[in-house]
Amino acid sequence: MTDANTTIKTEIDSQDVVVFMKGTPQFPMCGFSGQVVQILNYLEVPFKGVNVLDDMAIRDGIKAFSNWPTIPQIYVKGEFVGGCDITREMFQSGELQQFLSEKGIPVKATAVA
C-alpha cells in the first residue's frame with residue numbers, strides 16, 4: 001500500500017462519514033463539493049471533510065483508491081457511496097437518509113424541502 005493509500009484508509013476509518021472534497025466543509029472550493037456539504041448539513045450528519053487540494057498525492061490517490069474519477073467522494077462507515085450526482089439523487093429520493101439510518105448514522109431531517 002502506498003503512503004497515499006495508507007493516509008486515505010486512515011482518513012476513511014477516522015469517522016463514520018468522510019468526504020474527500022475540494023476545500024473544506026466551511027469553505028468548499030467547487031460547486032459539487034458544496035452541494036454534498038449542503039446535503040449533509042441539511043441532514044445534520046456529522047462528517048469529516050478531507051481537502052484534496054492540500055495534497056496532490058491524496059487528490060490523485062483517492063481516484064485510484066475508489067476507482068472513481070471525480071471529486072467529491074463520500075464514504076460511510078468505510079463504504080464508498082459515490083460522488084455529488086449519486087449523493088444528490090439518493091438524497092432527493094430518500095435513499096440516502098435510509099442508507100445512513102441503516103448504517104447507524106443519525107439523520108435529523110428526513111423530508112426534502
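Tabulated results
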item: Test result for VAL45, in a helix (DSSP H, G or I) and crowded, with 18+ Cβ neighbours inside 10 Å; result: no
item: Of all residues in region 58-71 being open to solvent by less than 60 Å² (accessible area, probe 1.4 Å) and farther than 18 Å from MET29 by Cβ, the one that is farthest from the chain's Cα centre (by Cα); result: GLY61
item: Residue list for region 47-57, restricted to those being within 16 Å of PHE27 (Cα to Cα) and of a type outside the set (Gly, Ala, Ser); result: PHE47, LYS48, VAL50, ASN51, VAL52, LEU53, ASP54
item: Tally of residues being open to solvent by less than 40 Å² (accessible area, probe 1.4 Å) and either within 12 Å of ILE58 (Cβ to Cβ) or β-branched (Val, Ile, Thr) (or both) across region 12-33; result: 6
item: Those residues of region 86-109 which are touching a residue at least 24 places away in the same chain (Cβ under 8 Å) and either open to solvent by 80 Å² or more (accessible area, probe 1.4 Å) or part of a helix (DSSP H, G or I) (or both), in sequence order; result: THR87, ARG88, PHE91, LEU96, GLN97, LEU100, LYS108
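The values are calculated or read from the model by the stated rules, or taken from the named source; none is laboratory data. If you're wondering where the values come from, they're calculated on a predicted model, not measured in any experiment. In this analysis, Cβ positions are derived from the backbone assuming ideal geometry, glycine residues included, and neighbour counts consider all displayed protein chains. The area values use the complete protein model at the heavy-atom level, side chains included, leaving out ligands, DNA and RNA. Shrake-Rupley method; radii C 1.70, N 1.55, O 1.52, S 1.80 Å.
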